[in-house]
Amino acid sequence: MFNNCLCFDFCLPLKNDTIPEIVPSFSSIDDQKYNFVETDAIYEDCGQYRKAGHDQSGVYEFKLNGNTFKALCLMESDYSWMVLQRRTSGHLLFNRSFNEYSNGFGSPSGDHWLGLENVYQYVKKGFKLQLRIELHGDFCDECSKLGDDGYWWGEWDMALGSKEQKYKLDISHILHGNLSDSTNDEFHYMNNGRSFTTFDEDNDNLPNFNCAVFRRYGPWWHSDCTLVALNGAYASRKKVTSDMVWFRPQRETGPNNALESYSIKPQMSLMMFRIKP
């Protein structure tokens, strides 16, 4: 476990990780544009639309706690997911203000950020949320060594604090997936209990500078300039932990099947959540 990621300026090469240990249930990450789905009624979440017979992935309108908004629903055979973040290219700027991350930006039919306030409203109403993150491809040739073929995913239980609490993140250890390891989960270790930081709202753990600005990590639930930053500068090929990055920690699997830690510079990323029963 690394105590200060500012000192960790390299990624180690991959050895034996060409196939995920757990086959993902589905891969929903792509660069297609989704259409708005017309419905007779407006519901609170994607799962309710599915129960009403709407099994098409697309943009739906929602009403929750008196507020209406539009969001992208990705419909799986078992679950229905609402997209929080989608990045498939560098055309949309993600270095935004705190209020923009609160309200959301971009178009839910393409690349966008849903808005932390919309997510918090589900927590406020008492819903339990499960977060899923998918990463596809690696711009860094010397990191994972998987390039265009890289695919990682993970799921966590998640909750957010209010805007007054700076949308503090409550995240479990990883539940499923190959994006991290339950015994060495850097996402949980570095980001759990942290408030959201942007260039104009510094809530990280370092008094002398802003982690959203440092190394172009971008807005995130930063601690000590974290090992995870999916809103950072896009398309970086640097080996160092900087820009848009996910650090995948070492898994201890024995001397004959050892995996080494490495950073991922994702070509595409997807963050989405669902309502748990």
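Only the coordinates and a few stated rules stand behind these numbers; no lab work does. What you are looking at is a predicted structure, and each value in this text was computed from that prediction instead of being measured. Neighbour counts are summed over all protein chains in view; Cβ atoms, including those assigned to glycine, are modelled from backbone coordinates with ideal geometry.
What the table shows:
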item: Cα-based reach from K33 at 21 Å (exclusive), listing lysines while leaving out same-chain residues under 8 positions away; result: K70
item: Of all DSSP beta bridges in the chain, antiparallel share, percent nearest 5; result: 95 percent
item: Net charge of neighbours whose Cβ lies under 14 Å from the Cβ of E164, counting Lys and Arg as +1 and Asp and Glu as -1; result: +2
item: Given charges at beta-carbon only (K, R positive; D, E negative), |dipole| of the chain in Debye; result: 400 debye
item: Most mobile of F209, F199, F187 in a GNM of the chain (Cα contacts under 10 Å); result: F209
item: Listed residues N208, N184, N231, most fluctuating in the chain (Gaussian network, C-alpha, under 10 Å); result: N208
item: D181 long-range amide H proximity, modeled H, under 5 Å; result: E186
item: For segment 128-179: rounded, prolate or oblate by the Cα gyration tensor [a/c cutoff 1.5]; result: prolate
item: For segment 127-268: rounded, prolate or oblate by the Cα gyration tensor [a/c cutoff 1.5]; result: oblate
item: L93 versus D30: modelled label distance in nm, points set 7 Å from Cα along the beta carbon direction; result: 3.1 nm
item: Tensor-based shape of segment 147-227 (alpha-carbon gyration tensor, a/c under 1.5 rounded, otherwise prolate or oblate); result: oblate
item: Highest-fluctuation residue, H136, H91, H54 considered, GNM on the chain with Cα pairs under 10 Å; result: H91
item: Percent of beta bridges antiparallel (DSSP, segment 31-150, rounded to nearest 5); result: 90 percent
